[in-house]
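**Q** Right, I'll just put the structure down here and ask away after.
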Amino acid sequence: MAASSAFLPELGTQVVVPVAAVVGIAFAVLQWVLVSKVKLTPEPPRRGDGSAGKSGGAGASEFLIEEEEGLNEHNVVVKCAEIQNAISEGATSFLFTEYKYVGLFMGIFAVLIFLFLGSVESFSTKSQPCHYSKGKTCKPALANAIFSTIAFVLGAVTSLVSGFLGMKIATYANARTTLEARKGVGKAFITAFRSGAVMGFLLAASGLFVLYIAINLFGIYYGDDWEGLYEAITGYGLGGSSMALFGRVGGGIYTKAADVGADLVGKVERNIPEDDPRNPAVIADNVGDNVGDIAGMGSDLFGSYAESSCAALVVASISSFGINHEFTPMLYPLLISSVGIIACLITTLFATDFFEIKAVDEIEPALKKQLIISTAVMTVGIALVSWLGLPYTFTIYNFGVQKTVYNWQLFLCVAVGLWAGLVIGFVTEYYTSNAYSPVQDVADSCRTGAATNVIFGLALGYKSVIIPIFAIAFSIFLSFSLAAMYGVAVAALGMLSTIATGLAIDAYGPISDNAGGIAEMAGMSHRIRERTDALDAAGNTTAAIGKGFAIGSAALVSLALFGAFVSRAAISTVDVLSPKVFIGLIVGAMLPYWFSAMTMKSVGSAALKMVEEVRRQFNTIPGLMEGTTKPDYATCVKISTDASIKEMIPPGALVMLTPLIVGILFGVETLSGVLAGALVSGVQIAISASNTGGAWDNAKKYIEAGASEHARTLGPKGSDPHKAAVIGDTIGDPLKDTSGPSLNILIKLMAVESLVFAPFFATHGGILFKWL
């Protein structure tokens, strides 16, 4: 047993965690207040007083470009406000429609959790012998059923609220970023980045705060039964991830149906620029950026965070921390997240306050510095927490035996996860940024048409899997060798500890994308569009980095959850040579393909309807191409909404029902095979799909920007290589924004669901094999 105790007393932990969460929320509110200072109402013209000097890559003074070019500033601002309003209304109405369906599902699933877990001991209210601590009695299974259900609802609601608030701030900030771009690229960058930070900090802090409150409130009933308490808390992770799945799939189908429809008819057939107001699908496309990339991504990373915390807490509750009731070491996962919020806060100040961006080519380095600074600051933070929050030596549960671990070993586990995340981020950036040769090669292949572009893009995606998989494998090996499954769980937490910065960078992308769209629709000058394009191109790469983080952490999280499931279901070994396990393994490896097929087909059929509608409007509305009449935006928004709501249900059902069906009919051994198979194949497809799509997108942007001699030989917009690049980009859209990112939720969600239902499967599962 543990020979020493942690430096930080229980009271200290009870103060540090909520204070860090409150600081995070307060910082998010502060950033929001600063963004709101950019007014969306026309102001009387004012000249710069010279104090601001030069700001902006194009060398504009503090007064606005419009005044130089003689455009009516009043009209531009009013137009921006109108467009922003249309995007905001579209996004809000879609999310409310989605949440109605998701709310119904949440109710049904909550009842299922209660019935399945309650039936383990036939709804008895008597105390039962503990599963791990032999000779002790624990709270009844009925209590576990009730509290798991409450935790599930808490996780689900937190996930939905964080996604919704993220979307609200993004639609609030997009037009403000456009207006700030008139003063220079630096001002626009800060507005977009601050808005992303609002979402990042709000989500990280609220996720931590709700989990902390739940642990304390559940503790009032559970008392000394920590085993039961933390088993019930796993429902929080299940709630977060199940909502994320629907948010990701629904939002992904919405955004890509609109995007593909707008691109194919607008850019390829009609030769009009991206985000041209004459294009009927343009509002739906901009709405999609917010519901898919912002609300969906927010819920996804919240789910990862909740699950990795739950996996670590479950394993800790049956280790010496839980057995000896040591509160501070027990909450080590929450302490890591608390320090993460503070580390990210310091990092954010580097982007918004310490350094000012003055030129377009400083944008991407500034975003990359955010990742490096947050990782470096966080490494120091982890060392502090491991020294203050852990005893020098303790034991960790390792499949039936207690393994002795030292606090410095746990520090290494978290640190290896954190740095592996950075490696995955930079490898992703190398393969998806048009500053490096892989994307430039893809762009070059467009000379000979779309087919060679597709071949090169697919090859790039497959190749980009190699280094991230080695990084994940190394972190798993090291963390498991040092601290068993608990080590893997905290490595995942390490990767996610800088979630506030990661999300800020990620949300920055769609906000910049929207800002560019608004500039085009409001008829602003080409110089402003150049600035917003530069912001957007950097945002594209950072979005790919964000997806890399999400996929890498999902692999570690699901392995940790898998370990917790195997322990809880009392499986001594997962033997691949056993036919029960092997059939599970091969079916599990197939699931990501089945799921991807569903989501890709959904985007394809929704895009088909969209293309037909856009063509119909161009052909039948007189004066649309000339710009004398307005297109019918609402019909396109409705097509995207209806398609995504209808199409998100089958893939969602596949993921949610598979563990239940396999567990009940075939038992826990086959289910363990399914989880392992899905994890192994899902990670590969997710990385290659995301990077292929990102590379095609940036190859197109590389040709459009024409920044280098090589790019100019392929351009300009409308040339044959450019059209080939647009086709590649359109194929990549559902890969990078629907199938790829949803897969990481598939592998996590199946694992956490299996863990929550493990008591039921262990008692009543495997009906078919019992009969045979």
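The values are calculated or read from the model by the stated rules, or taken from the named source; none is laboratory data. These numbers come from a predicted model, not from an experiment. Note that we place each Cβ from the backbone using ideal geometry, even for glycine, and neighbour counts take in every protein chain shown. The protein model used for the area step is the full one, side chains on, heavy atoms only, and it has no ligands, DNA or RNA in it. Shrake-Rupley method; radii C 1.70, N 1.55, O 1.52, S 1.80 Å.
**Q** Can you give me the P(r) profile for segment 348-482? Cα pairs, bins 5 angstrom wide beginning at 0, each as a whole percent.
**A** 2, 9, 13, 13, 14, 13, 12, 9, 7, 5, 3, 1, 0
**Q** Oh, and also: Step through the residues of segment 229-240 one at a time and calculate ³J(HN,Hα) from phi using the Karplus curve (6.51 cos²θ - 1.76 cosθ + 1.60, θ = phi - 60°), rounding each to whole Hz and writing x for Gly and Pro.
**A** Those phi angles translate into 4, 7, 5, 5, 5, 4, x, 4, x, 5, x, x Hz.
**Q** Of the peptides 531-540, 20-29, 748-757, how do they stack up when ordered by the mean number of other Cβ atoms within 10 Å, highest first? Let's see the in-between values first.
**A** On the way: 531-540: 26.5, 20-29: 19.7, 748-757: 29.8.
Those peptides, ordered most packed to least, come out 748-757, 531-540, 20-29.
**Q** Using alpha carbon coordinates only, what is the Rg to Rh ratio of the chain, with Rh defined as the Kirkwood radius?
**A** Values: Rg = 25.7 Å, Rh = 26.2 Å.
Rounded to two decimals, Rg/Rh equals 0.98.
**Q** Check cross-link reach from residue 136 to the aspartates and glutamates: straight Cα distance under 13 Å, and skip same-chain residues fewer than eight apart.
**A** 224, 225, 227
**Q** About the Cα centre, and with charges only on the beta carbon of Lys, Arg (+1) and Asp, Glu (-1), how big is the dipole of the chain? Nearest 20 debye, please. Write out the running numbers ahead of the final one.
**A** Details: 49 positive and 60 negative charges, 213 e Å.
Dipole magnitude for the chain comes out near 1020 debye.
**Q** A follow-up question, please. Work out, step by step, the length gained on full extension between residue 474 and residue 601: first 0.36 nm times the residue separation, then minus their alpha carbon distance; give nm to one decimal. If you can, show how the numbers build up before the last one.
**A** Numbers: separation 127, 0.36 × 127 = 45.72 nm, distance 3.54 nm.
In short, 42.2 nm is gained.
**Q** Roughly how big is segment 105-180's charge dipole about its Cα centre, with Cβ charges of +1 (Lys, Arg) and -1 (Asp, Glu), in debye to the nearest 20?
**A** Values: 6 positive and 2 negative charges, 56 e Å.
With Lys and Arg at +1 and Asp and Glu at -1, about 280 debye.
**Q** Using 7 Å Cα-to-Cβ label points, what is the residue 712/residue 630 separation (nm, one decimal)?
**A** 4.1
**Q** From the cross-link list 79/736; 37/187; 368/547; 369/736; 256/609; 134/580, which pairs have alpha carbons spaced over 20 Å apart? List each step's numbers first, then the result.
**A** On the way: 79/736 32 Å; 37/187 12 Å; 368/547 15 Å; 369/736 24 Å; 256/609 12 Å; 134/580 29 Å.
Pairs exceeding the cut-off: 79/736; 369/736; 134/580.
**Q** What percent do you get for the relative contact order of the chain when only Cα pairs under 8 Å and 6+ apart count?
**A** Working: 1566 pairs, mean separation 151.2, N = 772.
Here the relative contact order equals 20 percent.
**Q** When the scattering of segment 532-644 is computed by the Debye formula from its Cα atoms alone, each counted once and equally, what is log10 I(q)/I(0) at q = 0.20 Å⁻¹?
**A** -1.17
**Q** Which parts of segment 361-397 would a label at residue 14 reach, counting a residue when its backbone N lies under 19 Å from a point 7 Å out along Cα-to-Cβ?
**A** Only 389-390 fall inside the zone, counting backbone N under 19 Å.
**Q** Taking R0 as 51 Å, what FRET efficiency do you get between residue 771 and residue 408 from their Cβ-Cβ distance, rounded to the nearest 0.05? If you can, show how the numbers build up before the last one.
**A** Numbers: r = 52 Å, r/R0 = 1.01.
So, using R0 = 51 Å, E works out to roughly 0.50.
**Q** Please list the equivalent ellipsoid semi-axes of segment 661-772, computed as the square roots of five times the alpha-carbon gyration tensor eigenvalues, in descending order and whole angstrom.
**A** 48, 11, 9
**Q** Suppose R0 equals 22 Å. What FRET efficiency, 1/(1 + (r/R0)^6) with r the Cβ-Cβ distance, do residue 100 and residue 763 give to the nearest 0.05?
**A** Numbers: r = 35 Å, r/R0 = 1.60.
Between residue 100 and residue 763 the formula returns 0.05.
**Q** Which distance in nm do the two modelled labels at residue 349 and residue 136 give, with both placed 7 Å along the Cα-to-Cβ direction?
**A** So the two model labels end up 4.3 nm from each other.
**Q** If I model segment 444-543 as equal point scatterers sitting on the Cα atoms and use the Debye formula, what is log10 I(q)/I(0) at q = 0.10, 0.11, 0.23 Å⁻¹?
**A** -0.53, -0.62, -1.07
**Q** Taking H as built 1.01 Å from N, whose amide H comes closer than 5 Å to the amide H of residue 624, not counting residues under 5 places away?
**A** 629
**Q** To continue, here is another question. Please compute the Kirkwood hydrodynamic radius of segment 459-512 from all pairs of different C-alpha atoms, in Å with one decimal. Spell out each step's value before the answer.
**A** On the way: mean 1/r = 0.0763 Å⁻¹.
After inverting the mean inverse Cα-Cα distance, the result is 13.1 Å.
**Q** After finding the eigenvalues of the alpha carbon gyration tensor for segment 614-728, what semi-axes result from the square roots of 5 times each, listed largest first in whole Å? Please list the in-between numbers first.
**A** Working: eigenvalues 367, 141, 12 Å².
They are 43, 27, 8 Å, listed from largest to smallest.
**Q** In addition: Between residue 621 and residue 26, with labels modelled 7 Å along Cα→Cβ, what's the label distance in nm to one decimal, could you check?
**A** Going from the residue 621 label point to the residue 26 one covers 5.0 nm.
**Q** Keeping all protein chains in place and using 1.4 angstrom, which order do 285, 444 fall into by accessible surface area, from largest down? Don't skip to the end; give the middle numbers.
**A** Values: 285 10, 444 55 Å².
Accessible-area ranking of 285, 444, largest first: 444, 285.
**Q** Could you list the residues of segment 553-584 with an amide nitrogen less than 12 Å from a label point located 7 Å from the Cα of residue 594 in the Cα-to-C-beta direction?
**A** The answer is 584, whose backbone nitrogens lie closer than 12 Å to the label point.
**Q** Also, I was wondering about something else. Go through the chain and flag any cysteine with no other cysteine's C-beta closer than 4.7 Å, please.
**A** 80, 310, 344, 413, 446, 636
**Q** Rounded to the nearest 500 deg cm²/dmol, what is the calculated helix-only ellipticity per residue at 222 nm for the chain, with -39500 (n - 2.57) per DSSP H run of length n ≥ 4? Before the final figure, lay out the partial values.
**A** Numbers: 26 runs with 583 residues, N = 772.
Only helices count here, giving -26500 deg cm²/dmol.
**Q** Hey, another quick one. So if I restrict to the alpha-carbon atoms in segment 245-345, what is the Rg, and what is Dmax, the biggest pairwise distance, in Å?
**A** Final numbers for Rg and Dmax: 22.1, 71 Å.
**Q** Let's test the formula: R0 of 51 Å, r as the Cβ-Cβ distance of residue 37 and residue 122. What FRET efficiency results, to the nearest 0.05? The partial results should precede the final answer.
**A** Working: r = 61 Å, r/R0 = 1.20.
Between residue 37 and residue 122 the formula returns 0.25.
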